[in-house]
Number of protein chains: 4
Amino acid sequence: MADLESIQKKILSFRNERDWAQFHDPKNLAEAFSIEAGELLENFLWKTTEQSRNLSPEELKNVKEELADIFIFLTYLSEEYKIDLLAEVEKKIKVNEAKYPVEKVKGLAKKYSAY
Amino acid sequence: MADLESIQKKILSFRNERDWAQFHDPKNLAEAFSIEAGELLENFLWKTTEQSRNLSPEELKNVKEELADIFIFLTYLSEEYKIDLLAEVEKKIKVNEAKYPVEKVKGLAKKYSAY
Amino acid sequence: MADLESIQKKILSFRNERDWAQFHDPKNLAEAFSIEAGELLENFLWKTTEQSRNLSPEELKNVKEELADIFIFLTYLSEEYKIDLLAEVEKKIKVNEAKYPVEKVKGLAKKYSAY
Amino acid sequence: MADLESIQKKILSFRNERDWAQFHDPKNLAEAFSIEAGELLENFLWKTTEQSRNLSPEELKNVKEELADIFIFLTYLSEEYKIDLLAEVEKKIKVNEAKYPVEKVKGLAKKYSAY
């Protein structure tokens, strides 16, 4: 069974074996996110929001691979800054809870800055 | 102590309390990734790759928050497709191992398609 | 009346006066596009495709500014490579005409690679 | 000789012949920008800023095609809002001149919000 820590170790081993850490400065890693995000988005282009819920099996396979890639780059950037990603997520949830109080935003979708 | 499953539950609870799942079709979630990736990248704009390793404390704080946001959207998209993200990552590592054999790519950085 | 050439000159003068060409290597300019594209996209996030046709005046103003920014970065990258952008566009239209023959694609929307 | 207006007409004719305006709502067009921006950026990934100034002929060809694509989508979005793109650029230059006074920013590169 996969657990987070062992997966993160595999991701870092993959890189070490290829001696790729030298290219993985944060600027390049942040670019990789934008590129992967674009590849993910391409699966939904020209679709309505409704249609986006019904991907073809090929598109769904692509999407899963892009999500995995994004997780891999998350791991590299977290390693760069020696941060505990889950702890950062917990902090961010608290920030978001303060920013978007239930009684103010329930059932409403707006740009972040519009609240 | 934070563990993956409990964090993912918190992320989904945050959404349920606000009744936001209705807006979280995959097309919109994929857009959110591109937007977050752009916000992450903004912290490195106009820097050299060298400079990108030395962020100010404020920039570093921003970067951590963006990484957390990206993880949050990963969780929402994984939930949409009922996928086990870590299992997908394991599969992708195997795909990448076949695509980038150590003896061929060690110490080299090229566009994916250039190998 | 604004014409293309005089606008492009103004864009380059703006940069020269600030001595910013030194930061405008293509890698950074390409990052700027991703960042601006994300800012543009933020105006449409959580909207349906239908809703995206009805922006608020404030959103519309943002969109116009983002389009202008994108044009400005197009000008800087074109200058970097000393290319005639309009001539490149003409060439690309011909490439697209060959790639997407009317009789094959009329009224159909697919991912580029799906034809 | 290519001039702006005749190129914009060609771009719109290309679309009309294929009956594609129906898919070109602003949300989808904005997504297209993020995707194209990612494809542009891919040509610079894993390079230093120095290396980004020395692309291979194949990479340079890719870059030119991406710039042309971006211009094409700029034309579609400008048509959607019936805006005069060059006039918007002129306005934006004035906004930028006020935002980044020469005496304050000359020779300095910072995040937009850092001034």
Max mean-square fluctuation residue, GNM over chain D, Cα-Cα springs under 10 Å, options D:Val95, D:Val63, D:Val105: D:Val105
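Under 1.5 on a/c is rounded, so check that first for segment C:1-65, then, if it is not, pick prolate when a/b is larger than b/c and oblate when it is not; a ≥ b ≥ c are the square roots of the alpha carbon gyration tensor eigenvalues.
On the way: a/c = 3.35, a/b = 1.73, b/c = 1.94.
Judged from the Cα gyration tensor, segment C:1-65 comes out oblate (a/c at least 1.5, b/c at or above a/b).
Classify chain D: rounded, prolate or oblate, from the alpha-carbon gyration tensor (a ≥ b ≥ c, eigenvalue square roots; a/c under 1.5 rounded; otherwise prolate if a/b is larger than b/c)? Let's see the in-between values first.
Numbers: a/c = 2.03, a/b = 1.27, b/c = 1.60.
Taking the square roots of the gyration eigenvalues as a ≥ b ≥ c, chain D is oblate.
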Two-site label geometry, A:Lys99 and D:Lys61: point separation in nm, points 7 Å out along Cα→Cβ: 4.4
Estimated [θ] at 222 nm from DSSP helical runs (n ≥ 4, -39500 (n - 2.57)) normalised by residues in chain A, nearest 500: -21500 deg cm²/dmol
Sequence of B:Ser78, B:Ser13 once ranked by neighbouring C-beta atoms within 10 Å, starting from the fewest: B:Ser13, B:Ser78
Between helix B:4-18 and chain B: long-axis angle, C-alpha atoms, 0 to 90°, nearest 10: 50
Dipole of chain B, positive end: most advanced residue of B:Thr75, B:Ser13, B:Ala98 [Cβ charges, Cα centre]: B:Ala98
Rounded to 10°, Cα long-axis angle of helix A:57-80 versus longest principal axis of chain A: 70
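Can you compute the charge dipole magnitude of segment C:48-115 about its Cα centre, using +1 on each Lys and Arg Cβ and -1 on each Asp and Glu Cβ, nothing else charged? Give it in debye, rounded to the nearest 20. Mind dumping the intermediate values first?
On the way: 12 positive and 13 negative charges, 117 e Å.
Using Cβ point charges on Lys, Arg, Asp and Glu, segment C:48-115 gives about 560 debye.
Hey, got the dipole for chain D? About the Cα centre, +1 on K and R Cβ, -1 on D and E Cβ, debye to the nearest 20? Don't skip to the answer; put the middle values down first.
On the way: 18 positive and 22 negative charges, 135 e Å.
Taking the Cα centre of chain D as origin, the dipole is about 640 debye.
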The protein assembly as shown: projected area of the alpha-carbon convex hull, averaged over directions, in nm²: 22.0
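Within the set B:Lys110/D:Lys106; A:Lys64/C:Lys61; C:Lys27/D:Lys61; C:Lys10/C:Lys82; B:Lys10/C:Lys110; C:Lys92/D:Lys110, which residue pairs have Cα atoms separated by over 25 Å?
Values: B:Lys110/D:Lys106 35 Å; A:Lys64/C:Lys61 36 Å; C:Lys27/D:Lys61 16 Å; C:Lys10/C:Lys82 16 Å; B:Lys10/C:Lys110 37 Å; C:Lys92/D:Lys110 34 Å.
Check vs 25 Å cut-off fails for B:Lys110/D:Lys106; A:Lys64/C:Lys61; B:Lys10/C:Lys110; C:Lys92/D:Lys110.
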Most fluctuating residue given options B:Pro57, B:Pro26, B:Pro101, as computed from a GNM of chain B linking Cα atoms under 10 Å: B:Pro101
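Calculate the dipole size of the protein assembly as shown relative to its Cα centre from +1 charges on Lys and Arg beta carbons and -1 charges on Asp and Glu beta carbons; express the result in debye to the nearest 20. All intermediate terms of the calculation are to be shown ahead of the outcome.
Numbers: 72 positive and 88 negative charges, 0 e Å.
Roughly 0 debye, rounded to the nearest 20.
Quick note: the coordinates plus some simple rules give every number you see, no bench work behind them. Quick caveat: nothing in here was measured; it's all calculated off a predicted structure. All Cβ positions, even for glycine, are placed from backbone atoms using ideal geometry, and neighbour counts span all protein chains on display.
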